[in-house]
Amino acid sequence: MGDSKVKKKRYGFVMLVYLLGIFIGAIDTGILTPARTVVQNSFQVDDRIGIWMITAFTLAYACAMPILGKLADRIGRKRVYMVAVALFGAGSLICGLSNFGGSFAMLIAGRVIQAFGGGGIMPLATAEFGTGFPEDKRGMALGLVGGVYGVANILGATLGSAILDLVGTANWHWLFFINLPICVFVVIAAIFALPKGEKQHTQRIDLVGTFVLVVLVLSLMYSLTNIDFFDFFGTIGNTDVYPFLIVFALMIPLLILVEKRAEDPIFNMGYFKNRNIVVTFFVAFIVGVMMMGMVFVPQFAENALKTPEGSGGYFVTILGLFAGLGGPMGGRLVDKFGPKKILLLGFGVSLAGALFLALYATAHVSTASVIISLVLMGTGLGFVMGTPLNYMMLTNTKTEESNSALSALSLMRSIGTTIGPMLMVGFIAQAGTAAQDSIMNVIPPVSSIQIQADDTLVDGIREDLPAVSADLELIDDLKARMLTQTDRLEEETAALQQATDKASADLAAIKDDPQFKSMLEKMDYEMPEGMQTPDFSEIRDMLSVNSGMTSADIEEKLSMLDFKQQDMDFDMAGGELPDDVVQKLSSSNVTTIVDTTVSLVDRRFGIYTPDVIQ
């Protein structure tokens, strides 16, 4: 049954309640992508296990859409929508709390609950906009749905990165906690703002069909996430692909059989008998591929087109902004010209943007050329992903099954969004391999031509080789001589250092020699304060005459001492010289001074005999 019409005065508030739900439900399909490595590292799991944060959400999201859509047809859209938002909030809470001593299994459980709620939000909100608003406003309303959904899908990863930058990677739980106040507001507002549903169905719930449909969807989606479409036959034999494809193939006839016998089938197989609906499903699948494939265009612009590093996030924002603007614009055009013309227009604008990027932007690389292509692709995508498809689906189905019909449409689009990134990655990888092969095929001919053209240059180089060789030998000889001189200088420096060390050691030994100290005391030599090394020239003369020491021994002893002669205070017996000595010295001349000095020495040695003489 359909739901009651929205009262005119509540248009704005009802739209806000549904659009907020669409936004949080769609944005969480990608918000965790940039944080996946951080989250899995916090639980100490590898990539093989960590990828289930994304896979579990994708599978549960796809399964929830037809189930909650059909449930809304039976018990009313308002109730199911509130339950869906509440489930989404509860799952977000569980995911966030897993960062506080929880487990990875707790996180996965939260993601499944979150996805199951999120899978029902989009089709139910779309059904309300398609059936609860008057004809003249339906296109615009559906356009808003498509615009918000597209922006949220495209900007999910970018918003996730922004939140991590703001709160820090250790606080990744805020990726989930940010949903909680929005969910609380939407549930409370829905109680008062959303119209009540009409009477319920009385038929039995199709439990068997629901089970078969869930198995079919799970097997299909899981196998698609593991297929490399550019190595299809190489990966289809993998154990995580072919068993699930077999299950999917077996479930198709079983679902047809079960749904024929069901009083109120979970999935109306009659959709595939209607040519218009089949075309709508196919276009929805293509739109899903386009929508997720375009997310890679900004990264392509940043890396392959050599735009500034880090600019990819800005390009994603541009793409999402114009997709959001294109949705309402397309909706208004649908109200005037019908869905088919606007659908073709949207594909045409998107194709124009893609061709502009491929043919012009790559040849004339600039930020402006990339932005122009993104504006065209985003606007065209906004035209096709919302209003026309939903409008066409509602036109070809009954009002009382609008929820389940739009859920089936959303499921087809989700299959496209699952395949889109893998197709884009495979395309880029295949293009890179082809480019490498082309380069390798071109290099050998170019090298041969270049060598043949430069024979004269090669001959000239060959003639110059002897002179170059002689110069190299001269350089080597000069280098060897420099090394020899360096080695010799190092040896002389080492010898000088060794002699200096020995002299320092001998000096220390002489200063502490008790015999030498005793000799100085007996000869009445006094060192003034602060004196370290006086000059004992007179002692040298006296020792050479009376000590019996050789000149070499005397010099070896005294040369260790660096005393200054002018600082000596020679005091004979501690007083003045005797008068007769003074008389002899004063009366001496050049011819007699030697004899006088010898006499003085004899006299002094007669009084003080040094230990070295004894």
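Points to keep in mind about this one:
- The condition of being in contact with a His (Cβ under 9 Å, 6 or more places away or on another chain) and either closer than 22 Å to Ile266 by Cα or in contact (Cβ under 8 Å) with a residue 12 or more places away in the chain (or both) holds for only one of Gly69, Gly89, Gly110, Gly96, that being Gly96.
- Residue tally, condition without any contact (Cβ under 8 Å) to a residue 24 or more places away in the chain and under 18 Å from Phe272 (Cα atoms), over region 232-249: 1
- Test: Ala249 is over 30 Å from Ala323 (Cα atoms) and modelled with pLDDT of 80 or more: yes
- Helices (runs of 4 or more DSSP H) completely within region 22-121 that count 3 or more residues being at pLDDT 90 or above and within 21 Å of Pro181 (Cβ to Cβ): 77-97
- Qualifying residue in region 104-115 (condition: within 28 Å of Tyr391 (Cβ to Cβ) and surrounded by 23 or more Cβ atoms within 10 Å (Cβ to Cβ)): yes
- When Val295, Val287 are screened for being modelled with pLDDT under 80, touching a helix residue (DSSP H, G or I) at 6+ places or on another chain (Cβ under 7 Å) and surrounded by 20 or more Cβ atoms within 10 Å (Cβ to Cβ), only Val295 passes.
- Test result for Ile163, over 17 Å from Leu325 (Cα atoms) and either in a helix (DSSP H, G or I) or touching a His at 6+ places or on another chain (Cβ under 9 Å) (or both): yes
- Residues satisfying the stated conditions in region 94-115, i.e. among the polar types (S, T, N, Q) and within 20 Å of Ile22 (Cβ to Cβ): Gln114
- The set of residues in region 298-335 that are at pLDDT below 65 and charged (D, E, K, R) comprises Glu302, Lys306, Glu309.
- Candidates are the residues of region 42-55 that are out of contact with any Ser or Thr (no Cβ under 9 Å at 6 or more places or on another chain) and surrounded by fewer than 16 Cβ atoms within 10 Å (Cβ to Cβ); the one that is nearest to Asn171 (Cα to Cα) is Gln44.
The values are calculated or read from the model by the stated rules, or taken from the named source; none is laboratory data. Please read all numbers here as calculations on a predicted model, not as lab measurements. Neighbour counts run over all protein chains shown; Cβ positions are idealised from the backbone, glycine included.
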